[in-house]
Amino acid sequence: MDFKLVSGALGVLCLALAAYVLLGAGTRTVYVNSTVYPRDDLSVSYIFPARCVGCDLNKPGQCDFCTSYYDARMMDVLSQDVGVPVRFYVSDVVQKPNVIVEYRNKMTLGDGRSKYNIAHQLCDDTGSEIPCRLFSGEVQRIRACVSKYGVGINTVVYHRSGKDCPLCSKTDPVVAELKGASYNDDTKYRVYAVDESVPDERKMLSECMQGFDNSDYAPQLLCPANGEDLTGEFGLSQATAFADRCIEAKV
């Protein structure tokens with residue numbers, strides 16, 4: 001397989017999607033931050049799902065994957081935190097918050113669910129000091145926090161929910177199989193399961209990993225060592241690759 005060709009095709013697809021989101025009829029500009037000096041080589045756009053505007057928290061499922069970023073004040077805070085102006089759009093094209101990073105003629109579409117996800121994307125794309133420091137600081141805090149609960153930082157945290165989670169019945173057997181597998185002959189995968197519907201189990205998630213986790217996101221795999229998550233339905237190969245990266249993360 002020509003991986004360069006695949007990579008190029010994905011880049012074109014990302015560019016097309018980003019253009020469709022930003023220029024589409026179902027997208028409107030809400031706010032353009034001006035509290036941080038812009039950079040000629042970097043542009044960041046936060047895309048908020050239109051369905052989340054005024055969604056009713058009392059109706060199950062209506063506010064899934066929505067965040068608290070829907071106001072100008074939060075955009076200013078986010079811009080200061082990541083060190084670059086963030087253009088704010090509302091679009092009916094996306095169902096989850098996304099971030100579009102345009103850096104030196106390269107465009108990527110990333111996870112926009114939290115400022116740490118956004119900082120991670122910016123750090124990966126640009127290597128800029130401010131977002132890298134923000135993301136690294138949060139990962140260090142997570143590592144120290146989970147250790148208080150006796151959870152190793154290279155342990156895969158499986159976040160599930162005993163209610164309102166039809167996908168969990170599909171991922172439970174995958175995680176059970178992962179628990180019985182080995183990274184190599186000497187190392188077993190370590191998995192720590194947390195049920196969102198059990199208050200005592202939920203405590204560790206809410207205290208330690210709230211920057212990447214939310215009750216609306218189950219099922220989800222989380223890695224304290226590198227701040228990565230795998231959210232939604234996944235198969236064994238995906239779970240194994242995720243667990244490999246968690247074990248191999250630099251400590």
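The values are calculated or read from the model by the stated rules, or taken from the named source; none is laboratory data. Keep in mind that what you see is a predicted model, and the values were worked out from it rather than measured. Cβ sites come from the backbone with ideal geometry, for glycine too, and all protein chains shown count toward neighbours.
A few comments on the model shown:
- Taking the criterion of being surrounded by fewer than 19 Cβ atoms within 10 Å (Cβ to Cβ) and under 24 Å from Asp216 (Cα atoms), the residues of segment 166-177 that qualify are Pro166, Leu167, Ser169, Lys170, Asp172, Pro173, Ala176.
- When Arg73, Arg51 are checked against the criterion of being of a type in the set (Lys, Arg) and in contact (Cβ under 8 Å) with a residue 12 or more places away in the chain, a single residue qualifies: Arg51.
- When Val194 is tested against (1) at negative phi; (2) not in a strand (DSSP E or B), exactly one condition is not met: (2).
- Taken over segment 88-114, the criterion of being crowded, with 19+ Cβ neighbours inside 10 Å and of a type in the set (Phe, Trp, Tyr) is satisfied by Phe88, Tyr89.
- The sole residue among Asp185, Asp164 that is on the phi > 0 side of the Ramachandran plot and outside any helix (DSSP H, G or I) is Asp164.
- Residues of segment 222-251 that are over 19 Å from Ser114 (Cβ atoms), β-branched (Val, Ile, Thr) and modelled with pLDDT under 95: Ile247, Val251.
- Sole residue being outside any loop (DSSP other than H, G, I, E, B), in contact with a Leu (Cβ under 6 Å, 6 or more places away or on another chain) and among the β-branched types (Val, Ile, Thr), chosen from Ile130, Ile100: Ile100
- Residue within segment 59-68 that is surrounded by 15 or more Cβ atoms within 10 Å (Cβ to Cβ), closer than 19 Å to Ser206 by Cβ, assigned by TED's automatic domain parsing to the domain that holds Pro38 and among the polar types (S, T, N, Q) present: yes
- Of all residues making up segment 27-50, the number that are outside any strand (DSSP E or B) and hydrophobic (A, V, I, L, M, F, W, C): 2
- Against the list (1) more than 10 Å from the chain's Cα centre (by Cα); (2) of a type in the set (Gly, Ala, Ser); (3) assigned to a loop (DSSP other than H, G, I, E, B), the condition Ser206 fails is (3).
- For Arg141, the conditions (1) of a type in the set (D, E, K, R); (2) surrounded by fewer than 20 Cβ atoms within 10 Å (Cβ to Cβ); (3) not in a helix (DSSP H, G or I) are fulfilled apart from (3).
- Entry remark, segment 71-96: residues being farther than 22 Å from Asp164 by Cα, touching a strand residue (DSSP E or B) at 6+ places or on another chain (Cβ under 6 Å) and assigned to a loop (DSSP other than H, G, I, E, B) number 2 in total.
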